[in-house]
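Participant: Take a look at this one; I'll ask things after.
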Amino acid sequence: MIYYITDNRNQAIHLREIPEVDYAALYEDLKERLTQEQYHVAHYFARPEEQKLRFYLILLDDATAQIMISSFSMEYYEDIALPSLTALHPALHPFEREITELYNVEFDSMPWNKPLRFAFNRRNRNSTIDNYPFYTIEGESLHEVNVGPIHAGIIEPGAFRFICNGENVLHLEIALGYQHRGVENEFTATDNRLRQMLLSESIAGDSAVSHGVAFAMAMEKLSGKKADENLERERTVALELERMAMHIADTGALCTDVGYQLGQVACEALRTMTINTTQAWCGNRFGKGLIRPSGTNKPLTKEKVEMIRQNVAQIKRRYNEVREDIKTSASLLARYEQCGNVPKQEMQRIGGVGMAARASGVSRDIRSSHPYLAYGTELKHESIIKRQGDVMARLMVRCREVLQSADYIEQILSNYTPAESHLPDYDSPLKEESISIALMEGWRGEICHVAITDKEGKIETYKIKDPSLHNWLALALAVRGEGISDFPINNKSFNLSYCGHDL
Amino acid sequence: MILPKIKVLKSHGWQYIPDLNNVTLTEEFRGRVELSETSDMSDVEAAAKICPTQAITTVPFSLDMGRCLFCGECALRAPRNIRFTNDYKIGSTSREALIVTPQTKSVDFHQQNVRKEIPKLFGRALKLRQVSAAGDASVEMELNATGNVNFDFGRYGVEFVASPRHADGVVITGPISKSMAEPLDICFKAIPDPKIVIVCGSEAISGGLYAQSKAVDRSFLEKYHVDLWLPGTPTHPMTFIDGVMNLIGLKKR
Ligand code: SF4
């Protein structure tokens, strides 16, 4: 067997359990396997281990809820190029690019061998973000439009290069890395688990709860101190509140960008109400401070349960009115429909995840495929899927998910009895020489955290994957053939994270 | 169709905060911290030890809100000594004023540091260019919120603009990544004089969790004078509004 098989509720695994195979065997297996819709790679990275470089590949089987882990090794300075998997399955491009950037390992016939994020610890220091090798096309009728790294609004930086034929976009390339802070390195530079917890909340501030939950889960699998049932339910509520807030914010942003002020202000107010609900629970509008390993500082009280239920019911009712309004406004539909299409096949090929993938008919959702917390137990989650793959479909997925999240929160809280809660655990020793994998579905999509400990149980490697890592390419494909003036609504319909990508 | 719009409008009602000088945040909000000394300071020592950004000094007892991420863990460990209040008026023109001691009962804005031309030129209209330099998007979203239907800071003529040429100053968020150091500098140079620098969020003020990271370059802050420091993780819209109103002379703390 070339894989070790586990699932999302299992404990951490000792490293010696992970099969170490020949790259050729893994390559052959993945070549076939990844043509099937049920499989995709959640993470694939390398790390120095004794005298070699060891590569870990984490494969997900959506049909059986399995997590399949394999690995292979190579000597440093071994001068062989591994045949590229990206060449067969473009979905793997960010992983192979990261490995090349950090360790100089070449992949043979890699079609898109470009720096990923210009990490501070990259091998090739001559490659700098100012000389990113943008793709070019020659042609008399073509021109280039450069946007960024600083954008017009109050958002994070990234460089976009459009190649346009008249008003239409022929090609868009997105160069990222401006937000690189060295997050993964900071995790291993400290033993203070509270500091690590806060680091996870800062991976992407708009997904503080999501990344926080992923970190907490990764630690609990290593310490063996599982979250109790009530805590799992509280976390589920917090996650669904975050999903509501961000989907509402993006509904508003989509209205702003087509000049629809009523939708914009209604959503602004509803988002304020949602994040103020989170603030009244934990003191922070983004839920920072709410998620802690194995316990909580902010247990739900009876009053808070009622406050959340009341607010969520009102937000749901009012948001539904906005949704009805959007759906019956011809001038909005004219902008959203059949704009920025990413067909299912394409989305599948590039490994799109989360709500953007679901808007293209790819049913990828960790809440149903690899259940955790209250998903799969108390909540029988059914993903919301649309087929069209355009801006409208992405908006409608968001709309429906807001309503669904509100229902989930009500379902959990309507029969919730506050009980004695545990305080967070920052001190329990972690299982030595083990790998812990935590998967969860943030509002953007699949988040994967991987922690590997050393002989003393100290975190030696911490790997983070934000869904944006996959989905930036989907945005680039979406705008092909569209008018460049439709870029903003396409961008908002995805709303991807720069810092989550750049780490 | 018009009917659904009327429904939305009706449910929306009035959302703006009528008086921005009279806002109280929820009790849960962690804003200005209050310190008290006790004969036994062992709790404080424990709190200082776990603080993820070393924001707490035990002798003499102080807490630097420019480093603090407002996680609240210290207050749980030393409840007799450290207490977070919901006071959001925590911005100052002085970096030192963010260091709270047991004597601090409110954060001193140090009005005397405000350059004379600032209220004169910008008191009625202030246009700002925001630069996110590895900010985690939460501070950025809060800055966006200052102009939304609830806070509507635009009522005082304070707005964010796209071009540095149209701006009177820059608002920096994030610990300043190496890759953003140069774009930030270019952007700042493109702003016509006189111009102001606002540093927004604890991560921007001190580097936060990334103060020691090799991926950041904070030389900008050594090179230029900072007019306003606004702590928070993220900075609450009201902290921003209060700080800027004090800076341009619309109120006195
Ligand atoms: S609240 Fe601030 S001072 Fe206290 S532990 Fe957290 S970061 Fe440190």
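Participant: Regarding segment A:127-134, can at least one residue be identified that is touching a residue at least 24 places away in the same chain (Cβ under 8 Å), more than 14 Å from chain B (Cβ to nearest Cβ) and under 19 Å from A:Ser485 (Cα atoms)?
Facilitator: No, because not a single residue in segment A:127-134 is touching a residue at least 24 places away in the same chain (Cβ under 8 Å), more than 14 Å from chain B (Cβ to nearest Cβ) and under 19 Å from A:Ser485 (Cα atoms).
Participant: Have a look at B:Gly174, B:Gly147, B:Gly135 and point out the one that is under 21 Å from A:Ala253 (Cβ atoms), under 16 Å from the mean Cα position of the chain (by Cα), buried (at least 24 other Cβ atoms within 10 Å of the Cβ) and more than 7 Å from chain A (Cβ to nearest Cβ). Even if it seems obvious, please write down each step before you answer.
Facilitator: Working: B:Gly147 fails: buried (at least 24 other Cβ atoms within 10 Å of the Cβ); B:Gly135 fails: more than 7 Å from chain A (Cβ to nearest Cβ).
Going through B:Gly174, B:Gly147, B:Gly135 in turn, the sole match is B:Gly174.
Participant: So if I check each of A:Gly182, A:Gly212, A:Gly158, A:Gly252, which one is buried (at least 24 other Cβ atoms within 10 Å of the Cβ) and either touching a Leu at 6+ places or on another chain (Cβ under 6 Å) or within 11 Å of another protein chain (Cβ to nearest Cβ) (or both)?
Facilitator: Values: A:Gly182 fails: buried (at least 24 other Cβ atoms within 10 Å of the Cβ); A:Gly212 fails: either touching a Leu at 6+ places or on another chain (Cβ under 6 Å) or within 11 Å of another protein chain (Cβ to nearest Cβ) (or both); A:Gly158 fails: buried (at least 24 other Cβ atoms within 10 Å of the Cβ).
Sole residue among the options that is buried (at least 24 other Cβ atoms within 10 Å of the Cβ) and either touching a Leu at 6+ places or on another chain (Cβ under 6 Å) or within 11 Å of another protein chain (Cβ to nearest Cβ) (or both): A:Gly252.
Participant: Touching a residue at least 60 places away in the same chain (Cβ under 8 Å), under 21 Å from B:Ile172 (Cα atoms) and away from chain A (no Cβ under 14 Å): is that true of B:Phe153 in this structure?
Facilitator: On the way: touching a residue at least 60 places away in the same chain (Cβ under 8 Å): yes; under 21 Å from B:Ile172 (Cα atoms): yes; away from chain A (no Cβ under 14 Å): no.
Answer is no for this residue.
Participant: Please go through (1) crowded, with 17+ Cβ neighbours inside 10 Å; (2) closer than 18 Å to B:Leu247 by Cα for B:Leu121 and return the number of the only condition it doesn't satisfy.
Facilitator: With (1) crowded, with 17+ Cβ neighbours inside 10 Å; (2) closer than 18 Å to B:Leu247 by Cα applied to B:Leu121, the lone miss is (1).
Participant: Can you tell me which residues in segment B:185-209 are of a type outside the set (Gly, Ala, Ser), buried (at least 24 other Cβ atoms within 10 Å of the Cβ) and either in contact with a Pro (Cβ under 9 Å, 6 or more places away or on another chain) or part of a helix (DSSP H, G or I) (or both)?
Facilitator: Scanning segment B:185-209 gives B:Cys200, B:Glu203, B:Ile205, B:Leu209.
Participant: Something else now. From the list B:Glu142, B:Glu96, which one is outside the structural domain of B:Ser202 (by TED's automatic domain parsing) and away from the ligand (no atom under 13 Å from the Cβ)? Spell out the reasoning first.
Facilitator: On the way: B:Glu142 fails: outside the structural domain of B:Ser202 (by TED's automatic domain parsing).
None of the others qualify; the one that does is B:Glu96.
Participant: Moving on. Within segment B:66-82, which residues are of a type in the set (D, E, K, R) and within 11 Å of the ligand (Cβ to nearest atom)?
Facilitator: Going residue by residue through segment B:66-82, those that are of a type in the set (D, E, K, R) are B:67, B:73, B:77, B:80.
Once the filter is applied, which keeps residues that are of a type in the set (D, E, K, R) and within 11 Å of the ligand (Cβ to nearest atom), segment B:66-82 yields B:Arg67, B:Glu73, B:Arg77.
Matching residues to (1) farther than 30 Å from A:Ile155 by Cβ; (2) among the aliphatic types (A, V, I, L, M):
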| position | (1), (2) |
| --- | --- |
| B:Glu28 | no, no |
| B:Ser62 | yes, no |
| B:Met65 | no, yes |
| B:Cys68 | no, no |
| B:Ala75 | yes, yes |
| B:Pro79 | yes, no |
| B:Lys89 | no, no |
| B:Gly123 | no, no |
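Participant: Any residue in segment B:216-223 that is in a strand (DSSP E or B) and more than 20 Å from B:Val23 (Cβ to Cβ)? Working first, answer last.
Facilitator: Looking only at segment B:216-223, we keep the residues that are in a strand (DSSP E or B), and these are B:216.
Now drop any that are not more than 20 Å from B:Val23 (Cβ to Cβ), which leaves B:216.
The answer is yes; a qualifying residue exists.
Participant: Oh, and also: Could you grab me the full set of residues in segment A:287-305 that are crowded, with 24+ Cβ neighbours inside 10 Å, in contact with a Gly (Cβ under 9 Å, 6 or more places away or on another chain) and either more than 8 Å from every other protein chain (Cβ to nearest Cβ) or among the acidic types (Asp, Glu) (or both)?
Facilitator: A:Gly287, A:Leu290, A:Ile291, A:Arg292
Participant: Within segment A:259-286, take every residue that is of a type outside the set (Phe, Trp, Tyr) and not in a helix (DSSP H, G or I) and give me the one that is farthest from the other protein chains (Cβ to nearest Cβ). Working first, answer last.
Facilitator: Just the residues of segment A:259-286 that are of a type outside the set (Phe, Trp, Tyr), to begin with: A:259, A:261-280, A:282-285.
Checking the rest, the ones that are also not in a helix (DSSP H, G or I) come to A:259, A:283-285.
Numbers: A:Gly259: 15, A:Gly283: 4, A:Asn284: 7, A:Arg285: 7 Å.
Of everything passing the filter in segment A:259-286, A:Gly259 is farthest from the other protein chains (Cβ to nearest Cβ).
Participant: Looking at B:Ile50 and the list (1) near the ligand (Cβ under 10 Å from one of its atoms); (2) without any contact (Cβ under 8 Å) to a residue 24 or more places away in the chain; (3) surrounded by fewer than 22 Cβ atoms within 10 Å (Cβ to Cβ), which single condition is not satisfied?
Facilitator: The one condition B:Ile50 does not meet is (2).
Participant: I've got another one for you. Report whether or not A:His449 is in contact (Cβ under 8 Å) with a residue 60 or more places away in the chain and in a helix (DSSP H, G or I). Steps first, answer last, please.
Facilitator: On the way: in contact (Cβ under 8 Å) with a residue 60 or more places away in the chain: yes; in a helix (DSSP H, G or I): no.
The answer is no for A:His449.
Participant: Suppose the filter is surrounded by fewer than 24 Cβ atoms within 10 Å (Cβ to Cβ) and either assigned to a loop (DSSP other than H, G, I, E, B) or assigned by TED's automatic domain parsing to the domain that holds A:Ala12 (or both); does A:Glu410 pass it? Walk me through how you get there before you give the answer.
Facilitator: On the way: surrounded by fewer than 24 Cβ atoms within 10 Å (Cβ to Cβ): yes; either assigned to a loop (DSSP other than H, G, I, E, B) or assigned by TED's automatic domain parsing to the domain that holds A:Ala12 (or both): no.
Answer is no for this residue.
Participant: If a residue must be touching a Cys at 6+ places or on another chain (Cβ under 8 Å) and outside any loop (DSSP other than H, G, I, E, B), how many such residues does segment B:130-151 contain? Can you show your working first?
Facilitator: Looking only at segment B:130-151, we keep the residues that are touching a Cys at 6+ places or on another chain (Cβ under 8 Å), and these are B:131, B:134-137, B:139, B:143.
After this cut, where a residue has to be outside any loop (DSSP other than H, G, I, E, B) as well, the list is B:131, B:139, B:143.
The total comes to 3.
Participant: A further question follows. Can you say whether A:Thr190 is assigned to a helix (DSSP H, G or I) and either more than 14 Å from every other protein chain (Cβ to nearest Cβ) or touching a helix residue (DSSP H, G or I) at 6+ places or on another chain (Cβ under 9 Å) (or both), as far as the supplied structure shows? Can you show your working first?
Facilitator: On the way: assigned to a helix (DSSP H, G or I): no; either more than 14 Å from every other protein chain (Cβ to nearest Cβ) or touching a helix residue (DSSP H, G or I) at 6+ places or on another chain (Cβ under 9 Å) (or both): yes.
Criteria not met by A:Thr190.
Participant: If B:Gln130 meets every condition in (1) of a type in the set (S, T, N, Q); (2) more than 14 Å from the chain's Cα centre (by Cα); (3) within 14 Å of another protein chain (Cβ to nearest Cβ) apart from one, which number is that one?
Facilitator: (2)
Participant: Then there is this: Sort through A:Phe120, A:Phe162, A:Phe134 and tell me the only one that's closer than 24 Å to A:Met347 by Cα, in a loop (DSSP other than H, G, I, E, B) and outside the structural domain of A:Lys31 (by TED's automatic domain parsing).
Facilitator: Values: A:Phe120 fails: closer than 24 Å to A:Met347 by Cα; A:Phe162 fails: in a loop (DSSP other than H, G, I, E, B).
Only one candidate qualifies: A:Phe134.
Participant: Please count how many residues of segment B:170-184 are more than 12 Å from B:Ala134 (Cα to Cα) and not in a helix (DSSP H, G or I).
Facilitator: Qualifying residue count, segment B:170-184: 2.
Participant: Within segment B:107-129, does at least one residue satisfy the condition of being within 16 Å of the ligand (Cβ to nearest atom) and out of contact with any Cys (no Cβ under 7 Å at 6 or more places or on another chain)?
Facilitator: Looking for residues that are within 16 Å of the ligand (Cβ to nearest atom) and out of contact with any Cys (no Cβ under 7 Å at 6 or more places or on another chain), one finds at least one in segment B:107-129, hence yes.
The values are calculated or read from the model by the stated rules, or taken from the named source; none is laboratory data. No experiment lies behind these values; they were computed from the predicted model shown. Here Cβ is always computed from backbone atoms with ideal geometry, including for glycine, and neighbour counts include all displayed protein chains.
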